[in-house]
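Working notes, beginning with the structure itself.
The values are calculated or read from the model by the stated rules, or taken from the named source; none is laboratory data. Here the structure is a predicted model, which is why all the values come from computation and not from measurement. All Cβ positions, glycine included, derive from the backbone under ideal geometry; neighbour counts span all protein chains shown. All accessible areas refer to the heavy atoms of the entire protein, side chains included, with ligands and DNA or RNA removed. Shrake-Rupley method; radii C 1.70, N 1.55, O 1.52, S 1.80 Å.
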Amino acid sequence: MSYNLKEELKKEERFTGGHRMCAGCGSPIAVRTVLRALNPEDKAVVCSATSCLEVSSFMYPFTAWKDSFIHNAFENAGATISGVETAYKALKKRGKIDDTYKFIAFGGDGGTYDIGFQSLSGAMERGHDMVYVCYDNEAYMNTGIQRSSSTPHFADTTTSPVGAVIPGKLQKKKDLTKIMVAHNVPYVAQTTFMGNFKDISEKAHKAIYTPGAAFLNVMAPCPRGWRYETEELMTITKLAVDTCVWPLYEVIDGKYFLSYKPKTKLPVEDYLKAQGRFSHMLKPGNEWMVEKMQEEVNRHWIDLLVLCGEK
Amino acid sequence: MSNLKAKDINETITWKEITLGCSVFEGGSAELVNTGDWRTIKPVIDMEKCKQCMLCVPVCPDMSIPVEEDGRRGEFNLFFCKGCGICAKVCPFDAITMIKDEK
């Protein structure tokens, strides 16, 4: 069935208002879109790593989740949801449970790229029937914008502060999506919010309904940490995709498919100048940083085109 | 064992009445929380200009744009809306404007 935004939006919302995420936050948008991809008759068990999302959506006695929700610790969302999935399978086998349940874990980049990494890796390798969704906002936003292994090269954070000593983060961003592909799981995709949400909705549906482990990496901008005005969210994600900083692709059984190729690939500067965390890169004398960033983006983009058989 | 609902759990109850392990026995209880009072600006929609393209609905981080049964978007739910302005920015028809929220 082809994607129809109006039909999708008729589904009942599974994530409610009243959560305490900041105004303009990208992560609840990622969450509600992924949950909307569930078939309405199916139930879900959601697990979250410690994150902005966890502390803001689940403050006793309030929960913004209409489905079952479990939080354990920062480092073990992958292990927690795989345990729940295994218990479900055991109960189902004994005929003690009839309904269809789907298992979804959410984590920020801190809980996914860094702290929850071994737990996620184990869950993917064991092949539980689950989806792990990383909402990637490229730093530890919950505790005050500390750098993570997902923070881009040169970005200004409170633990990689721009000044006379260092030009922002010294290291490059880890490519987690490709690391997940290397786990040989049946479905891995990288996406973000674009236009009518076709890309992310279709990928979320595939990830949930592909038997076995699946991984979804969603860029979810943080207006506070990235330093842009809240209303610009969709401009930022569009620029990330059109500059090829965050390419959209999916990997099905090890085969790469490019989801979107910009008509004109924009210079990386367009993406950088929209955000305060990169403002130092555009100052006179710092042109080398932009050049370096552009080089990195070009290299990754060409690699991806080759993998997708587009070049 | 207590299985109190969120609406009955507040500063006036004692620890004995709190649910065991602080479990929550209902889904979506955050709907009781008014996050609209964070707002300094609020969205206003001009239904004359709105073409029901629905592009504003999925971009809302606060589920503040309800979809009616006939599939059309309804009025803003200002109980949740934090006034981020993403909806106004994505509207292709300039039907949504952000104005100062006088309370």
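The criterion of being over 21 Å from the mean Cα position of the chain (by Cα) and under 17 Å from B:C22 (Cα atoms) does not hold for A:Y101. Does B:F93 fit the bill of being without any contact (Cβ under 8 Å) to a residue 60 or more places away in the chain, open to solvent by 60 Å² or more (accessible area, probe 1.4 Å) and either touching a strand residue (DSSP E or B) at 6+ places or on another chain (Cβ under 7 Å) or under 28 Å from A:I70 (Cβ atoms) (or both)? No, not satisfied. Screening A:W226 against (1) farther than 21 Å from A:E296 by Cα; (2) open to solvent by less than 10 Å² (accessible area, probe 1.4 Å) leaves a single unmet condition, (1). Quick one: would you say A:K203 is surrounded by fewer than 24 Cβ atoms within 10 Å (Cβ to Cβ) and basic (K, R)? No, not satisfied. Of all the criteria given as (1) modelled with pLDDT of 95 or more; (2) more than 7 Å from chain A (Cβ to nearest Cβ); (3) part of a loop (DSSP other than H, G, I, E, B), the one not satisfied by B:F80 is (2).
So, A:T243, is that one of a type in the set (V, I, T), under 30 Å from A:M21 (Cβ atoms) and in contact with a Ser or Thr (Cβ under 8 Å, 6 or more places away or on another chain) or not? So A:T243 fails the test. Per the listing A:V34, A:V55, A:V84, the residue uniquely of a type in the set (V, I, T) and in contact with a Leu (Cβ under 8 Å, 6 or more places away or on another chain) is A:V34.
Of the residues making up region B:58-74, those that are over 12 Å from the mean Cα position of the chain (by Cα), in a loop (DSSP other than H, G, I, E, B) and within 7 Å of another protein chain (Cβ to nearest Cβ) are B:P58, B:V59, B:G71. Condition (residue is within 10 Å of chain B (Cβ to nearest Cβ) and without any contact (Cβ under 8 Å) to a residue 24 or more places away in the chain) applied to region A:23-45: is it met by at least one residue? Checking region A:23-45: at least one residue is within 10 Å of chain B (Cβ to nearest Cβ) and without any contact (Cβ under 8 Å) to a residue 24 or more places away in the chain. Taking (1) hydrophobic (A, V, I, L, M, F, W, C); (2) farther than 27 Å from A:T159 by Cα; (3) buried (at least 16 other Cβ atoms within 10 Å of the Cβ) in turn, A:A274 satisfies each apart from (2).
Could you go through region A:144-155 and let me know if any residue there is open to solvent by less than 30 Å² (accessible area, probe 1.4 Å), hydrophobic (A, V, I, L, M, F, W, C) and either closer than 30 Å to A:L5 by Cβ or out of contact with any Phe, Trp or Tyr (no Cβ under 7 Å at 6 or more places or on another chain) (or both). Yes. For A:N4, the conditions (1) at the interface with chain B (Cβ under 9 Å from one of its Cβ atoms); (2) open to solvent by 10 Å² or more (accessible area, probe 1.4 Å) are fulfilled apart from (1). Please verify whether A:L91 is facing chain B (nearest Cβ under 8 Å), surrounded by fewer than 19 Cβ atoms within 10 Å (Cβ to Cβ) and either farther than 22 Å from A:R126 by Cβ or more than 23 Å from the chain's Cα centre (by Cα) (or both), treating the condition exactly as stated. Judged against the criteria, A:L91 is not a match. On the basis of being over 18 Å from the mean Cα position of the chain (by Cα), within 12 Å of chain A (Cβ to nearest Cβ) and open to solvent by 30 Å² or more (accessible area, probe 1.4 Å), does B:E102 make the cut? For B:E102, the condition - over 18 Å from the mean Cα position of the chain (by Cα), within 12 Å of chain A (Cβ to nearest Cβ) and open to solvent by 30 Å² or more (accessible area, probe 1.4 Å) - is not met.
Each residue in region B:2-44 was checked for being facing chain A (nearest Cβ under 7 Å) and of a type in the set (S, T, Y), and 2 of them qualify. Annotation: of all residues in region A:62-85 being within 14 Å of another protein chain (Cβ to nearest Cβ) and open to solvent by less than 10 Å² (accessible area, probe 1.4 Å), the one that is nearest to A:F103 (Cα to Cα) is A:W65.
Once region B:1-54 is narrowed to residues that are among the aliphatic types (A, V, I, L, M) and within 21 Å of A:P28 (Cα to Cα), the residue that is surrounded by the most Cβ atoms within 10 Å (Cβ to Cβ) is B:A30.
Would you check which residues across region A:5-30 are in a helix (DSSP H, G or I) and under 19 Å from B:G36 (Cα atoms) and list them? Matches in region A:5-30: A:S27, A:P28, A:I29.
Could you tell me whether A:D114 is within 20 Å of A:L233 (Cα to Cα), surrounded by 15 or more Cβ atoms within 10 Å (Cβ to Cβ) and more than 10 Å from chain B (Cβ to nearest Cβ)?
It is false that A:D114 is within 20 Å of A:L233 (Cα to Cα), surrounded by 15 or more Cβ atoms within 10 Å (Cβ to Cβ) and more than 10 Å from chain B (Cβ to nearest Cβ).
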